Amino acid sequence: MHSPQEALSSLEEKGLLRSLRQISSPSPPKVVINDHELINFSSNDYLGLSQHPALVEAASKAIRDYGTGSTASRLVCGSLDLFHRLEEQIASGKKTEAALTFANGYATAMGTIPALVGKNDTIILDKLAHACLIDAAKLSGATLRIFPHNDLNKLAKLLNSSKGRTLIVTESVFSMDGDLCPLADIVSLKEKYGALLLLDEAHSVGVLGPNGHGLAEELGLQEKIDFQMGTMGKALGSAGGYLAASRAWIDLLINKARSFIYSTAPPPAQAAASLAALKILVSPEGAEKRRTLLSLCRLFDSPTPIVPRIIGENDEAIAASINLFKKGFLVPAIRYPTVPRGTARLRITLSSSHTVPQISELLKAL
Ligand SMILES: *Cc1c(COP(=O)(O)O)cnc(C)c1O
């Protein structure tokens, strides 16, 4: 075992050392670092809702009405009406019987996947699935199978040879590449082989679909997906994760999902802000914000607000990020293990609160 200093030096030698940078405001379009104002192309606040007056007021009111903390697990202390209202709204948007919320998306994956499958089962994951899905799959004890990114032939082969209950896990918008999964084809395959499908809509909620509920809504496939997962920490401008599914699955999760059972419920204000965000999502204002966002995406020829610029080597990606920083743009460099080795990149994320001139300036700087 290496000492922490040795481990850190080794990371540094490989160009993989990460450190924290203090900021004084998190949301786009601007961010302030050491009194230096930058245009922020690094947040997942796709609709700028984290600063929206309706969310701020809803959260403030919830603090006044309920206080700052939830004080215990929902199974111990009683389950606050706000969480139930939020879960009803999520289920209605997702066209499912029920939903369950968690402290964040990571805790959602860690709690749900091991409750859905176990030792004699199989999980089939897209190679580029988010770290929380991979960690949760490992924790479940099920046999883990990986298919190359969006490779339907390989997925079909794995389905054909899988044992026990089989759960396919993929994302609608991939978090580091900004591309979409071929959802209709994956649904056909899951039906053909009698597998279950968990779709993580972390980056598509707020962005895609006639009411902003994501890719499954856009394609009219919500009722064919067993588990629709997501986070309220990105386009919904708040925090929290959820899983939407049938009543029976959700009741099972209430009994089995350890990150739900053994954790204090999130602050009431978090649920109140999420409820306010969902209200905006389905309103004309939400539709307008989505239209603005998608028109900005088109300036990059991108179907989603995640725009990767693959660079290759870690130090070159970092140098490019520092270069943009000096020109007034916050664009993070993303390295292994977040993305495969040799594919270090700049990751630009767009928000409806960016302006066309801000984007033009960035394009020029790139
Ligand atoms: C961000 C993210 C999560 C985790 O959600 P948090 O609420 O941030 O914990 C899960 N899945 C994907 C694909 C994500 O991008």
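Read-outs throughout are calculated quantities, based only on the coordinates presented, and are distinct from any laboratory measurement. Here the structure is a predicted model, which means the values were calculated and not measured. Glycine also receives a Cβ, built like all others from the backbone with ideal geometry; neighbour counts cover every protein chain displayed.
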- prompt: Tell me, what ³J(HN,Hα) does each residue in the range 34-45 have, in order and in whole Hz, if you take phi through Karplus 6.51 cos²θ - 1.76 cosθ + 1.60 with θ = phi - 60° and put x for Gly and Pro?
  reply: 6, 6, 9, 8, 10, 7, 8, 10, 10, 9, 9, 7
field: Where trypsin sites (Lys or Arg not before Pro) fall in DSSP loop in the range 136-177, at most 16 other Cβ within 10 Å
entry: LYS163, ARG165
- prompt: What percent do you get for the relative contact order of the chain when only Cα pairs under 8 Å and 6+ apart count?
  reply: 24 percent
task: With springs only between Cα atoms under 10 Å apart, run a GNM on the chain and tell me which of GLY118, GLY78, GLY67 wobbles the most.
output: GLY78
field: Members of LYS138/LYS190; LYS94/LYS154; LYS163/LYS234; LYS95/LYS157; LYS127/LYS364 lying beyond 27 Å, as alpha-carbon distances in this model show
entry: LYS94/LYS154; LYS163/LYS234; LYS95/LYS157; LYS127/LYS364
- prompt: What is the sum of charges around ASP81, taking Lys and Arg as +1, Asp and Glu as -1, for the other residues whose C-beta is under 12 Å from the C-beta of ASP81?
  reply: -1
message: Give me a comma-separated list of calculated 3J(HN,Hα) values for the range 132-139, in order, Karplus coefficients 6.51, -1.76, 1.60 applied at θ = phi - 60°, integers in Hz, x for any Gly or Pro.
response: 5, 6, 5, 4, 5, 5, 5, 4
field: Long-range Cα-Cα pairs in the range 59-143 (distance over 20 Å), rounded percent
entry: 51 percent
- line: Taking 0.36 nm per residue of separation between ALA7 and SER19 and subtracting their Cα-Cα distance, the length gained on full extension comes to 2.9 nm
- line: Answer in debye to the nearest 20: the dipole magnitude of the chain about its Cα centre, from +1 Lys/Arg and -1 Asp/Glu charges placed on Cβ, is 380 debye
statement: Which of HIS354, HIS36, HIS84 fluctuates most in a GNM of the chain (C-alpha springs under 10 Å)? That residue is HIS36
message: Show me the trypsin sites (Lys or Arg not before Pro) within the range 277-366 that DSSP assigns to loop and that have at most 16 other Cβ atoms within 10 Å of their Cβ.
response: LYS327, ARG341
statement: Rounded to two decimals, the Rg over Rh value of the range 1-92 from Cα coordinates and the Kirkwood Rh reads 1.15
message: Can you give me the C-alpha center-to-center distance between the range 7-86 and the range 163-229, rounded to a whole angstrom?
response: 26 Å
field: Furthest towards positive pole of dipole, GLY105, ILE322, HIS2, structure part the chain, Cβ charges
entry: HIS2
- line: Across SER161, SER43, SER172, the residue with the highest GNM fluctuation in the chain (Cα network, 10 Å cutoff) is SER161
statement: Unit-weight point scatterers at every alpha-carbon of the range 53-281, Debye formula, q = 0.15 1/Å: log10 I(q)/I(0) is -0.94
query: Counting only the backbone N, which residues of the range 84-101 are under 13 Å from the spot 7 Å out from the Cα of LYS279 toward its beta-carbon?
result: 86
- line: Rh_Kirkwood(the range 139-220) over Cα pairs, Å, one decimal, evaluates to 13.4 Å
